[in-house]
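**Student:** Sharing a structure here in structure tokens format.
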Amino acid sequence: MRIGILGGTFDPVHYGHLRPAAEVLQQLQLDQLWLMPNNIPPHKQQASASADQRLKMLQLAAAHFPQFAINAVELERATLSYSVTTLQHLRQKHPLDSFYFIMGTDSLVTLTTWQNWQELFTLCHLVVCYRAGWQLQPDNPVYQEWHQRRQTPAQHLAAWKHGENAAVGNIIMVDVTPQPFSSSALRKAIAIDQLQSCREALPTEVLDYIVSQQLYRE
């Protein structure tokens, strides 16, 4: 199978995560999309909601997307959630599958801060969603990799259908519809009881769960 992976804290999950992931799945004709909540993020502060609560919110959200599934491998580890470690584990467990690791342009630009970042190209394809305000500069060590490995979705699919694509190593640049939502903004709105402003940002079941659990309240 060809499987997309979207990792994150998901604190809470919202359409800024879900809709771009669905567009990537469609544009690359993937078989599945795995939402992968991390436990201890190396580049972010610890989540406000518990691991179980974030997992429940993801399950409620994924129910709206038939090809989405949850992979909780990082929640099961008590160590930092390094992507390279996770992908090594997944490649060992699923040697016949191809993985498409989804990130924004901001993550590509700062990829050198990730542990063993160059090894990612031996484990998966990188799918980079354009994000306004971020641009890869020629003096960035990632630039040469990007220049050699980049593809459009159309180029990637054409090569795949002709059996010409490697199972790993491409950087696929994808245009997705911008979404005006962020987890931090939602947490702030919920904290001051501005729930109505959150209804367009996340599935109703997720918001109902947040209210029932009194998450993000001051």
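**Student:** Using just the helices of the chain, give the 222 nm mean residue ellipticity in deg cm²/dmol: DSSP H runs with n ≥ 4 each add -39,500 (n - 2.57), and the total is spread over all residues, rounded to 500.
**Tutor:** Numbers: 8 runs with 78 residues, N = 218.
After summing the helix terms and dividing by residue count, I get -10500 deg cm²/dmol.
**Student:** By per-residue mean of other Cβ atoms within 10 Å, what is the highest-first order of 20-27, 87-94? Please list the in-between numbers first.
**Tutor:** Numbers: 20-27: 19.8, 87-94: 14.5.
Highest to lowest by the protection proxy: 20-27, 87-94.
**Student:** Relative to the longest principal axis of the C-alpha atoms of the chain, give the angle of the C-alpha long axis of helix 204-213, reported between 0 and 90° and rounded to the nearest 10°.
**Tutor:** It works out to around 50 degrees.
**Student:** What shape does the stretch 32-115 have by the C-alpha gyration tensor, where a ≥ b ≥ c are the square roots of the eigenvalues, rounded means a/c under 1.5, and otherwise prolate means a/b greater than b/c and oblate the rest?
**Tutor:** Rounded, since a/c falls under 1.5.
**Student:** Let me ask another. Of Thr152, Thr113, Thr105, which has the most accessible area with a 1.4 Å probe, and how do the rest follow in descending order?
**Tutor:** Descending accessible area places them as Thr113, Thr152, Thr105.
**Student:** Among rounded, prolate and oblate, which fits the stretch 90-218 when a ≥ b ≥ c are the square roots of the eigenvalues of its C-alpha gyration tensor, a/c under 1.5 means rounded, and a/b larger than b/c means prolate?
**Tutor:** Note, shape of the stretch 90-218 comes out prolate.
**Student:** Can you give the accessible area of Trp146 in Å² (nearest 10), computed on protein heavy atoms with a 1.4 Å probe?
**Tutor:** For Trp146, solvent-accessible area is about 40 Å².
**Student:** If you don't mind, another one. In degrees from 0 to 90, rounded to the nearest 10, what is the angle of the helix 15-27 Cα long axis to the longest principal axis of the chain?
**Tutor:** 30
**Student:** I've got another one for you. Compare Phe65, Phe121, Phe99 in a GNM of the chain, Cα atoms joined below 10 Å, and give the one with the largest fluctuation.
**Tutor:** Of the options given, Phe65 has the highest mean-square fluctuation.
**Student:** When a/c is below 1.5 the answer is rounded, else prolate if a/b is larger than b/c, else oblate, so apply that to the stretch 94-140 with a ≥ b ≥ c taken from the square roots of the Cα gyration tensor eigenvalues.
**Tutor:** oblate
The values are calculated or read from the model by the stated rules, or taken from the named source; none is laboratory data. Bear in mind that the values here come from a model prediction, so they are computed numbers and not experimental data. Cβ coordinates were reconstructed from backbone atoms using ideal geometry, including for glycine residues, and neighbour counts include every protein chain displayed. When the accessible area is computed, the model is the full protein with side chains, heavy atoms only, and any ligands, DNA or RNA have been set aside. Shrake-Rupley method; radii C 1.70, N 1.55, O 1.52, S 1.80 Å.
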